[in-house]
1. If I take R0 = 22 Å and measure r between the Cβ atoms of Gln210 and Val235 in this structure, what FRET efficiency does the formula 1/(1 + (r/R0)^6) give, to the nearest 0.05?
2. Taking the alpha-carbon centroid of each part, what is the distance from the range 470-493 to the range 285-323 in angstrom?
3. Express in nm, to one decimal, how much length is gained between Arg344 and Arg37 on full extension, taking 0.36 nm for each residue of separation and deducting their alpha carbon distance.
4. Whenever you get a sec, line up Met42, Met348, Met237, Met444 from highest to lowest accessible area (probe 1.4 Å, protein heavy atoms).
5. I'd like to check one number: the per residue accessible area of the chain, probe 1.4 Å, reported in Å² as a whole number.
6. Using r as the Cβ-Cβ distance of Arg242 and Thr263, and R0 as 25 Å, what FRET efficiency do you calculate, to the nearest 0.05?
7. Antiparallel DSSP bridges in the range 412-543: what percent, to the nearest 5?
8. Hey, what did the range 403-460 get for relative contact order, percent, Cα under 8 Å, at least 6 apart?
Amino acid sequence: MASDLTAQLAGNSTHLARQLTYAQISRQSASPHHHARTAAAMARNAPVASTVTITDPNNPSKSFNGLMKGGIVKHDEDSGRGNKLPTHNNNNNSNGLQQATLVPQTWTTLDLGGMGLKNLSPALCNYTFLTTLYLNYNNLTHLPSSISNLVSLKTLDASGNKLTSIPPEMGLLINLRELLLFDNNITDLPNEMGSLYQLETLGLEGNPVQPEIKNILMKDGSAAVILSLRENAPVGMPPPQREWITVESSSSEEDGGKFISYTFSVFCFNILCQKYATAQAYGYTPSWALSWDYRKELILSEIQSRNADIICLQELAYNQYEEYFRHEFRERAGYDSVFYPKSRAKTMSDKERGEVDGCATFFKSSKFELIEVSLLEYNQKALQRADFKKCPDIYNRVMTKDNIAVLTMLENKDTLARVLVANSHIHWDPSFADVKLVQVGMLMDEIDKFATKHLKPPTSSPTGVVYPNTSKLPTIIAGDFNSSPDSGVYEFLSKGAVKQNHADFGEYLYGDYTTDGLSHKLSLKSSYAQIGELPFTNYIADFEGVLDYVWHSTNTLDVLSLLGPIDKDYLSKVVGFPNAHFPSE
């Protein structure tokens, strides 16, 4: 087949030569099951110790060494457990697969090349364990949108078919490194493919692709084509507004025989510090959607739309607070605020300090009076504990993390009741579960000390409420805890204690925490616990889970309503956040 690109070879040889080389290799694999047969031949010539036992999907009771005719290769034994294996339909070329019950998968590559297939069985898209799929040199006129289910794919070869287009859902296969589409009838690519930020090779030789795509491919290569698609992607329709979920009230606040009833709303948001909003971290996001000018307006709009009485932000940079948020929140919505950057800011120049992120608590000045604010620096507080000073793990693991918490005591201007609001950002690294538990242990200790100082009303409000003990003082603990619901942090906050030998401590030693265990005096519950935690509070390409919480004291505060989840249909088309509609992860 003559190349559509050969005429422009001069001056663009590097990327075009790569296309031609890959295309030639692809054309040599047009015979049935070429890749599987080649792999089997290699296995036969390899030392005996390197061969593996494979089960023939056409005959589940038969096994042999090497690779089966259908293209099965070795894989982790737990991958794809419980799925059914594909078998080839040699009697009808309109369908590539049948169902066969078999043992757990030990393969991740499937070769359906050169079979003359006209359609693909829907069953194929159930094999989410596949990392390599050969569909080359068949008679396919389209790829099903459900191919997006094959989320583990790293290589997909659909060359030598009759494809005229690529489904937009292909953009959800973010693990793809090779997408070979040689010798089809494709003229254009969907912008959704811009999400394929890990793609290294995009094979388009032999297609009547648009000149713009062709020129980019020859001049700058596959990555540049993907970048162009990503940068020029339309914003698209936003998801439906998140709905409020009404929660049945179960208690009321009582204190010293005096009934106090008032409502307030709390909003917690890790806004993603601009310093961390990089193309390296979020390769699936257009650069314009990562820019601060774009994101800051979305952030402000999101916060304003909630109209919360108390707002707890994390990852807000010092200069962002001073130059923008502090003023905008006051002018637009009447918020007063407090802010502290992470501990490292103390040792930096003014310019460097401006980029350090921290925690900010905003509150409606019409509703609350600030009584006192207290900064908790976890690494500094650890040094003040005599039992910690004897533990090397404190210096090697805790002291190197400069996370903070901001504690504020607010007084309701109408009722003179007080509420303690703790806003914190706990260390992120999953391999430091022990540090997270230590930090939250110190947080609860400091909350108790801070609350003790404010059981009696301030001198400015002598007729205010008197609280008999710290467990009777309404308390909100909000923030990014970087801990899932099955973590020691969640267990400690919700149950009030963890044992000294908790798995999250590992083999590390932390004074009284690892000799006596952790405990606190409050009866706490995650605000969403009554209806079940949200599906996620962090949604990125390689992770989806709940890390952020608003905890409340259950004997003094009652949840009345909660902000519902993001629309599922919208999420099914999105690789991850941030994106054009959501400014943070």
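The values are calculated or read from the model by the stated rules, or taken from the named source; none is laboratory data. Quick caveat: nothing in here was measured; it's all calculated off a predicted structure. Cβ atoms come from the backbone with ideal geometry, glycine included; neighbour counts cover every protein chain shown. Just so you know, the surface numbers come from the protein's heavy atoms only, side chains and all, with ligands and any DNA or RNA stripped out. Shrake-Rupley method; radii C 1.70, N 1.55, O 1.52, S 1.80 Å.
1. Numbers: r = 22 Å, r/R0 = 1.00.
The calculated FRET efficiency here is 0.50.
2. Here the answer is 24 Å between Cα centres.
3. Working: separation 307, 0.36 × 307 = 110.52 nm, distance 5.88 nm.
That pair, Arg344 and Arg37, stretches by 104.6 nm at full extension.
4. On the way: Met42 130, Met348 55, Met237 155, Met444 10 Å².
Per-residue accessible area, sorted high to low, gives Met237, Met42, Met348, Met444.
5. Numbers: 26120 Å² over 585 residues.
So the chain comes to 45 Å² accessible per residue, rounded to a whole number.
6. Numbers: r = 20 Å, r/R0 = 0.79.
It comes out at approximately 0.80.
7. On the way: 3 of 9 bridges.
Close to 35 percent.
8. Result for the range 403-460 is 29 percent.
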